[in-house]
Amino acid sequence: MFAVVESATWTAIVVYAYARGGPREAGLSMAAQLAPAVIVALLASFCGDRFDRIKVLAVSHAFIAVICTLLGIALAVDAPALVVYAVAVVLSCTLTVPRPALSSLWPCVVSSPTDLTAANVAS
């Protein structure tokens, strides 16, 4: 489900930005989302090792749900573009947290290296 949310929000924002200002605004909006997300991803990768992985997943997914709801509301009420892009940046940063925590759980769940490889490929 996480992958669907990630792909859907990226698609929604790029379509929104393209409709507003064409390829230039779409590209700028993606760059604005990626730049802070790269930095947050570096920090977020430690969360799964430093804290309880289940709690990291639960809190990050709850936060993602809240931010996705805010983004949906902002798009539905035709909020100013700056508000939509700001919420999208926060969402893209938040989306970097669950994947490393989930990946660090796979060795606890599987019983063989083959299963671990299959789990990584499937995720």
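Observations, loosely collected:
- Ranked order, R99, R53, R20 - accessible area, probe 1.4 Å, largest first: R20, R99, R53
- Extent along principal axes [Cα atoms of the chain; Å; largest to smallest]: 50, 24, 24
- Rounded to whole Hz, the Karplus (6.51, -1.76, 1.60) HN-Hα couplings of segment 18-28, x for glycine and proline: 5, 5, 7, x, x, x, 5, 5, 4, x, 5
- Shape call, segment 42-87: gyration tensor on alpha carbons, a/c limit 1.5: oblate
- Backbone phi angles across segment 99-108, fed through the Karplus curve with coefficients 6.51, -1.76 and 1.60 (θ = phi - 60°), yield HN-Hα couplings of 4, x, 5, 5, 4, 6, 7, 3, x, 7 Hz in residue order; Gly and Pro are listed as x.
- Computed from backbone phi, the HN-Hα couplings of segment 110-118 come to 8, 10, 8, x, 5, 5, 5, 4, 5 Hz, rounded to whole numbers (Karplus: 6.51 cos²θ - 1.76 cosθ + 1.60, θ = phi - 60°; Gly and Pro given as x).
- Proximity of backbone amide H atoms, modeled 1.01 Å from N, is registered between S45 and no other residue at under 5 Å, excluding neighbours fewer than 5 places apart on the same chain.
- Top positive-direction residue, dipole computed over the chain with Cβ charges, set V40, A12, T69: V40
The values are calculated or read from the model by the stated rules, or taken from the named source; none is laboratory data. What you see is a predicted model; the values in this text were computed from it and never measured. Because the Cβ atoms are built from the backbone with ideal geometry, glycine has one as well, and the counts that use them run over all protein chains shown. Note: areas computed on protein heavy atoms with side chains; ligands, DNA, RNA excluded. Shrake-Rupley method; radii C 1.70, N 1.55, O 1.52, S 1.80 Å.
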